[in-house]
Amino acid sequence: MNLEEIMEIDKKHFMPVYSGRYPLVIERGEGVKIYGKDGKVYYDFLSGIGVNALGYGHKKFVNAVKDQIDKIIHCSNLYYTEAQAELEKKLAENSCFDKMFFTNSGSEANEGAIKLVRKYYKEKAVDKFEIITADRSFHGRTLTTVTATGQDKYKRPFTPLPAGFKSVPFNDLQALKNAITEKTAAVMLEPIQGEGGIYPADREYLAGLRNLCNEKGILLVFDEVQCGIGRTGSLFAYQEYGVEPDIITLAKALGGGIPIGVFMAKKEVADAFSPGDHGTTFGGNPLACRAASTILDIILEDGFLESVRKKGELFKGKLQELVSKHEDLLEVRGLGLMLALELSENLSAKELSMELFKKGFLVNAVQEHTLRFLPPLVIEEEDIDKLIGAIEESIE
Ligand SMILES: Cc1ncc(COP(=O)(O)O)c(C=O)c1O
């Protein structure tokens, strides 16, 4: 099938929720490059929206996944598997959390975290259920996570929405303080807002928030679905800030492309769940766990995270140089290899991303005037240089 035929079938049979897909039929990937069916090659600066942390065809990862497929893919949570136990051990040993539950996506991880928050207070017979989130946040597409999301456009079509959520301006501790009531059970935030346009939390904000939550007996939940698993140069973004949440959610890069998410909590919180409170058919199957376990092994190898940090600084510096030279480039935001370039009103991010697409680069227009970069963590300096050259050429 050629591009036109595939587009025709998609138009006829796929629900019309994705507008403006790029005219590319992806056939395979290698390293940080994507190969189209027409033979064209693209440098990938989006990695399947922050999923393909090791790029494509990473030998150790692919071999582990193949080996697991040969052994067993799925068996349900009625039985134990070594792959799941190993992943539990690695995640617990490398974080501040004791217990976890595996899901298939970020939305599901957040749903689970929200249920745990509610159960935690129910167990204590305390009538707290409200969750405060941040404006411009994104927490998923299920009805509850869309309600938690602090962007109206995602939820407006789906009213009435579940009760118990409100959002306040991000990085504004006073606004958060003002929003707390006797019903407030938790604050749920992305330490670096992703879909909103890559906005990192201020250090004082997260530290102040931790103190505030301690003082008021409120749980702190970090949604690290996008910013976790090495993206910032630390395994978890909370480690960059030195602020520990009570619950964390992860997905995307955790499975390196095999769908898996997780929510993890400190023991005291996690123990609010009793048998029957939560469950899943697919979540935590041996294939997904083996994939995630291998991803962790590789990311935690000596020097890996350090290299993410260095390449992130280098990339950010080069983008900042562009900003200093062009008046239509306003600002660079982000941490590690999670970066955004803010454009002036004169430049459309979609049009610029399309220009870059034509030049062989995949980048994302995350907001109307914001380009987002989430390259595979194995991106090299020379790949970054090529993109910088292409951006400069495109805006000129
Ligand atoms: C911070 C954050 N939370 C949750 C989600 C939802 O994850 P998923 O699309 O896997 O359900 C996303 C997806 O972009 C995200 O960026």
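Here are a few things to note about the model shown:
- Residues in region 170-211 that are closer than 18 Å to Val117 by Cα and in a loop (DSSP other than H, G, I, E, B): Ile180, Thr181, Glu182, Lys183, Glu190.
- A single entry from Phe45, Phe14 fulfils the requirement of being assigned by TED's automatic domain parsing to the domain that holds Glu368, crowded, with 18+ Cβ neighbours inside 10 Å and of a type outside the set (Lys, Arg): Phe45.
- Pairs where the first residue, in region 139-158, is assigned to a loop (DSSP other than H, G, I, E, B) and the second is among the small types (Gly, Ala, Ser) and more than 8 Å from the ligand (Cβ to nearest atom), C-beta under 6 Å, 6+ apart: His139/Ala148; Gly150/Ala134; Gly150/Ser167
- Scan region 120-138 for residues that are in a loop (DSSP other than H, G, I, E, B) and of a type outside the set (A, V, I, L, M, F, W, C) and the total you get is 6.
- Scanning region 177-232 for residues that are free of Cβ contacts under 8 Å to residues at least 60 places away in the same chain, in contact with a helix residue (DSSP H, G or I) (Cβ under 8 Å, 6 or more places away or on another chain) and within 11 Å of the ligand (Cβ to nearest atom) turns up Leu189, Pro191, Phe222, Glu224, Gly228.
- Residue match in region 221-237 (condition: farther than 22 Å from Val51 by Cβ and surrounded by fewer than 23 Cβ atoms within 10 Å (Cβ to Cβ)): no
- Selection within region 238-256 - over 26 Å from Ala83 (Cβ atoms) and aliphatic (A, V, I, L, M): Val243
- Restricting attention to region 235-266, the residues that are more than 21 Å from Glu111 (Cβ to Cβ) and more than 14 Å from the chain's Cα centre (by Cα) add up to 6.
For every residue, the table says whether it meets (1) of a type in the set (A, V, I, L, M, F, W, C); (2) not assigned by TED's automatic domain parsing to the domain that holds Lys99.
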position	(1), (2)
Ala265	yes, no
Gly276	no, no
Gly279	no, no
Ala288	yes, yes
Ala292	yes, yes
Ile295	yes, yes
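- With respect to being of a type outside the set (D, E, K, R), away from the ligand (no atom under 16 Å from the Cβ) and touching an Asp or Glu at 6+ places or on another chain (Cβ under 7 Å), Ser293 fits the description.
- Any hit, region 176-193, residues being touching a Pro at 6+ places or on another chain (Cβ under 6 Å) and in the same structural domain as Gly261 (by TED's automatic domain parsing): yes
- Filtered residues of region 275-312 (kept if surrounded by fewer than 24 Cβ atoms within 10 Å (Cβ to Cβ), under 18 Å from Lys99 (Cβ atoms) and not small (Gly, Ala, Ser)): Pro275, Asp277, His278, Thr280, Leu296
- Per-region count, region 152-175, residues within 22 Å of Phe263 (Cβ to Cβ) and either within 12 Å of the ligand (Cβ to nearest atom) or aliphatic (A, V, I, L, M) (or both): 3
- Qualifying residue in region 235-257 (condition: among the small types (Gly, Ala, Ser), more than 16 Å from the ligand (Cβ to nearest atom) and farther than 26 Å from Lys177 by Cβ): no
- Among the residues making up region 90-115, those that are part of a helix (DSSP H, G or I) and more than 16 Å from the ligand (Cβ to nearest atom) are Lys90, Leu91, Ala92, Glu93.
- Residues that are of a type in the set (Gly, Ala, Ser) and away from the ligand (no atom under 11 Å from the Cβ) within region 135-149 are absent altogether.
- Count - residues of region 128-161 that are hydroxyl-bearing (Ser, Thr, Tyr) and crowded, with 21+ Cβ neighbours inside 10 Å: 5
The values are calculated or read from the model by the stated rules, or taken from the named source; none is laboratory data. Here the structure is a predicted model, which is why all the values come from computation and not from measurement. Cβ atoms come from the backbone with ideal geometry, glycine included; neighbour counts cover every protein chain shown.
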